[in-house]
C-alpha cells in the first residue's frame, strides 16, 4: 500500500491489493526459483505488505530491504515492530547490490523516471540480478486517482519497454495486469471529464467492503491475473490497467 493510501490501518485489505500481492509473490518465487539465498530491495515499499508476503514465499534466511523515502521515524518504528525475520525498513537508499529489485508502481512517481531507474540498475542491481517492475498503463486513463497519488504519468506498454531497455535491461517476461478493470476505469475517467468534482478521497486504504464482497472480487481478479500469467508465458501481452515486466541486465 502506498503511504498516501494508509488512511486506516485497521481497515481490511482492498481486493485489488490482495490480488496484486498474490500475483507478484508468484512472479518473484518463479524468478528466484532454485536460488540459495536471495537479497531483495523493495523500492517504494509503502507499508511493506508485499514484502511480508514475499518473506513466506522465498527461502528462509533471505533478506528483504523495504525502502521508502517517505517513511517517518514513527513509520519505521511501527513497521519494524514484529516484522518477519530478515525484513528491514529504511528511508535512505541502501548501499550494495541486490539479487532482485522490486519496483511496483514506483516509476510513475518519479519526475525523471529514466534517471531514477538508471541509478538503481547501475548502483544496486547485481550483475546477474533481476528487477520486477509494474506501472499504471494507458495515458488516456490518467485520472483524479493518479493525481491524488502524485503520479506524473501512466505508460503505454511500448513506452515502458523503451524506458526499461534504454537503461541496459532486457525484458524476460511482460504483460498486462487487471484486464477486467480497464472498462471501469475508462468509465470513471469519462465521468470526470463530463462531470468534474472536487478531489475527494481516493485509494485502496479506504476499503470497507464486507467479507463476502471482498471474497467475490478477489476470486474474480485472481482469475483475471492467472490469465495474465498464462498469456505472459506464451508471449502474449493483453491490455490491462497495469503493465509489468521481469528484467535482467544485458550481459
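Does residue 172 satisfy the criteria of being surrounded by fewer than 18 Cβ atoms within 10 Å (Cβ to Cβ) and within 14 Å of residue 246 (Cβ to Cβ)? Don't jump to the end; show me each part of the working.
On the way: surrounded by fewer than 18 Cβ atoms within 10 Å (Cβ to Cβ): yes; within 14 Å of residue 246 (Cβ to Cβ): yes.
Spelling it out, residue 172 is indeed surrounded by fewer than 18 Cβ atoms within 10 Å (Cβ to Cβ) and within 14 Å of residue 246 (Cβ to Cβ).
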**Request:** Assess whether residue 37 counts as being in contact with a strand residue (DSSP E or B) (Cβ under 9 Å, 6 or more places away or on another chain) and either at pLDDT 80 or above or surrounded by fewer than 17 Cβ atoms within 10 Å (Cβ to Cβ) (or both).
**Result:** yes
**Asked** Out of the residues in the stretch 66-79 that are over 15 Å from the mean Cα position of the chain (by Cα) and surrounded by 15 or more Cβ atoms within 10 Å (Cβ to Cβ), which is nearest to residue 17 (Cα to Cα)?
**Response** 79
**Asked** Taking residue 129 and the conditions (1) crowded, with 17+ Cβ neighbours inside 10 Å; (2) in a helix (DSSP H, G or I); (3) modelled with pLDDT under 95, which numbered condition does it fall short on, given that it satisfies the others?
**Response** (2)
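The values are calculated or read from the model by the stated rules, or taken from the named source; none is laboratory data. Predicted, not measured: the structure shown is a model, and the values here were computed from it. When we count neighbours, we look across all protein chains shown, and the Cβ atoms used for this are built from the backbone with ideal geometry, even at glycine.
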